[in-house]
1. Using the 10 angstrom Cβ neighbour count as an exposure proxy, how do B:Met36, B:Met178 rank, fewest first?
2. Percent of alpha carbon pairs in the protein assembly as shown separated by more than 38 Å?
3. Take the alpha-carbon centre of region B:348-421, take the same for region B:511-534, and report the distance between them in whole Å.
4. If the reach is capped at under 26 angstrom between alpha carbons, list the lysines near A:Lys126, excluding any in the same chain fewer than eight residues apart.
5. Taking beta carbons within 10 Å but only from partner chains, what does the mean come to for residues B:268-277?
6. Take every DSSP beta bridge with both residues inside region B:516-618 and express the antiparallel ones as a percent of the total, to the nearest 5.
7. I'd like the Kirkwood hydrodynamic radius of region A:49-178, using the inverse of the mean 1/r over distinct C-alpha pairs, in Å.
8. Taking the mean number of other Cβ atoms within 10 Å as a proxy for protection, how do you rank A:39-45, B:119-125, A:105-111, B:560-566 from highest to lowest?
Amino acid sequence: MNRAVLFLPLAIFMGLVGYFAIGLTRNPSEIRSVLVDKPLPAIDLPVPDRTDIRLDNATFQGKVSLLNVFASWCIACRVEHPVLLRLASEKAIPIYGLAWKDKPEEMKAWIAELGDPYSLIGDDAKGRTAIDLGVTGAPETFVIDRKGKIRYKFVGPIDDYAWESTLKPLIKLLEAEP
Amino acid sequence: MIAEIGHFCLILAFVLSLVQSTVPHYGAAQRSLALMGVGRTSAIAQLIFLLAAFGCLSIAFAISDFSVSLVANNSHSDKPMIYKLSGVWGNHEGSMLLWVLILGVFGGAVAIFGRNLPPSLLARTLAVQGLIGAMFIAFILFTSNPFDRLDPSPVNGSGLNPLLQDPGLATHPPFLYMGYVGFSIAFSFAIAALIEGKVEPAWARWVRPWTLAAWCFLTMGIMLGSAWAYYELGWGGWWFWDPVENVSLMPWLAGTALIHSAIVVEKRDALKRWTILLAILTFSLSLIGTFLVRSGVVTSVHSFAVDPERGVFILGILVVTTGGALVLYALRAADLKMANLFSPVSREASLVLNNVFLVSITGGVFLGTFISLIARETFGTDVSAGAPVFNFFFVPMMLGLMVFMALGPILAWKRGNLRAALFRLRAAAVAAVGAGASAIIMQQEPWSTLALVISVWLLVGAMTTVIEKAMPSGRDSGSLWSRLASLPRATWGTTVAHAGIAITAIGIAVLSYNTSETVAKLTPGQSLQIAGYELKLISVSDEQGPNYTAKAARFELRQDGKLIDRVLSEKRSYPNPGSETTEAGIRPGLIGTLYVSLGRAYDDGAWAVRAYYHPLVVWIWGGCLIMVVGGTLSLSDRRLRVGAPIRARRAQPAVRPA
């Protein structure tokens, strides 16, 4: 056997380590910094079963709100869902949903089964808007200020701890802004 | 005080692991038995201090000592005692402590049971084990100290994620870790062999029981995780191709390949380089699993605290362990000479084929898991592999593997006779044709028909040896029992484990294409129909649990108008921390499982109810249990027993002496 072949596993491994190392630096803080304090990209999504209204940039004007990326195929979204429902029932903050790469029927069945925490849901079946938003996975949640700027991006399911320690204080601050 | 004692014990264990990782190496180089002996002593001492440290943390959780930061963040005085204790490993710091404790248990076990190993091999194995221990204990001490104090201490803790307050969580991580960490022994043996520069059949015989034990634990751990997801996440899924599931499956696949290739090393003195590489690979995949869950490189439900600093540390450990091992492999593997050749039709060849399949599948799962990371950093695009992508390659390759699994064990070593072997499989062929015909009559989809045919082929084929033994023949008289008992335990192990795979596969094949599902809006008194059953909502009431409140929906299950069972499905609200879980109402059965989950409440007093009928779903986990039984049977074969090589050699003259 050629001796060089024996180095192959090492070479592959070092390549992987490179990716892991980059993955570590990118995640999640850098993704945040790229988007934070930029206005929301252009959004114009249909709202299922509604013809009178669309989820667009105007939706986010004049109030602090959350834009939550979810999908019926996403397991972590199931875990997050009860937290969103509770926030909605406490009227803590308006939550807008972005149904990412989801079939409308499946998404609607999901909402029908588990309850609807969203003020409006935008249907991003093709995932086009999610790309503009730099979505890397579901669930992800953007905190949007009164002027429609992204102020924070939360990656992964929001749990109680994340809400109390990170999101709630931040939203308080943003709501105090003019 | 308890926390400080625990912390101190952990520091002592760290110092001991440093001693263990250096002195025995030096002793082996100097051929000093006394210095090599330090490896055993320090491994056992390290185990004792790790046990003490873990015990201290457990006491802190049991008595709800909220002055310990970890307890305050993850426990609550209202929690039942069992979840106070399982809460020890329901968080990052505590689970790492469990990880090193299990590492210490395995190291201590090698020290205690490995007395018959050549002293230098034992010394080097323990030294490598000590180095792994040192790195992970350092990781805990420097980045994730579970004994940190909190001042002032809170009146009560913030509770454990209710999804994790479950018997499944109490048992799933320990088994999983025993699997992951158990593979470290195979790794340490491989590195020791590379340093020594020789791999002998005896080496494989020493490594195999440890690997097999780790494999059994990992199988059990994965099964418990899957069952937990099924009944706790509340939507009837049992496998999601979630990154964290994948990282437990990869060491399982590689470890399965390893226990098979080690057989070839043991019996035929071949495949040595490959087996060493597999041993390195299997443990490395376990480490990657640990890295992935704790670094946040890929998002997943299972992720612990996303903390890049910890990720960097674990990545460092991975580089030292795997990178170092692969450097050593590249430099030394050429010295491992292949002693024996074999024909393409032979037991060896079938085991090679097994390895080709398993390693390819591992590679596919690996690529699918990390494709999003690789694509994002290389091409700047977002690609993610979901279940369809995984099923696309996993199902056909697994089925291909299963076709050959029936054949391999009945081929002879060195040069087999394919025709004779196929003739011996005639019963399996008949059964497979029968299964195919029944599947077609029952109008199964093509994929599930094919899967059923192959699974039944494997199920009956796996039992060929046993069936032949059960048939009376001239050569072998005696009672049925004595004839069956004359088969070696290892043969029984193979038979049972392979049959377990077949049973799991049958469960998956039938479940995947025959699940029925209904969602209905029900008010108490109304019912829904599913799979020939009538499910009637009787009442929804408020219940008070020890640390939660629940909406409890009571159902009656009727078949042909007759009441056959009652089902309880709950939605629980835990105030500490505030969150909800779905406790699905499950009526398990060998044929089919009825699964009821309670959805949202409507304003008019109605409830969304989702009911599933899952045929053969319990076969999936039952098959896993059978695999574990098979592995344990094989482990109990005296040939494999650690410390029995000398006696075994006398009993088995066919095995070449070391």
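1. B:Met178, B:Met36
2. Values: 161494 of 349030 pairs.
Every Cα pair in the protein assembly as shown considered, those over 38 Å come to 46 percent.
3. Cα centres, region B:348-421 to region B:511-534: 37 Å.
4. The reachable lysines, counting only those whose Cα sits under 26 Å from A:Lys126, are A:Lys38, A:Lys101, A:Lys103, A:Lys108, A:Lys149, A:Lys153.
5. Partner-chain Cβ atoms within 10 Å, mean over residues of B:268-277: 1.
6. 100
7. It works out to 14.8 Å.
8. For the peptides A:39-45, B:119-125, A:105-111, B:560-566, the packing ranking is B:119-125, A:105-111, A:39-45, B:560-566.
All of the numbers you see were taken from the coordinates with simple rules; none came from a lab. These figures come from a predicted structure and were not determined experimentally. Virtual Cβ from ideal backbone geometry, glycine too; neighbours counted across all protein chains shown.
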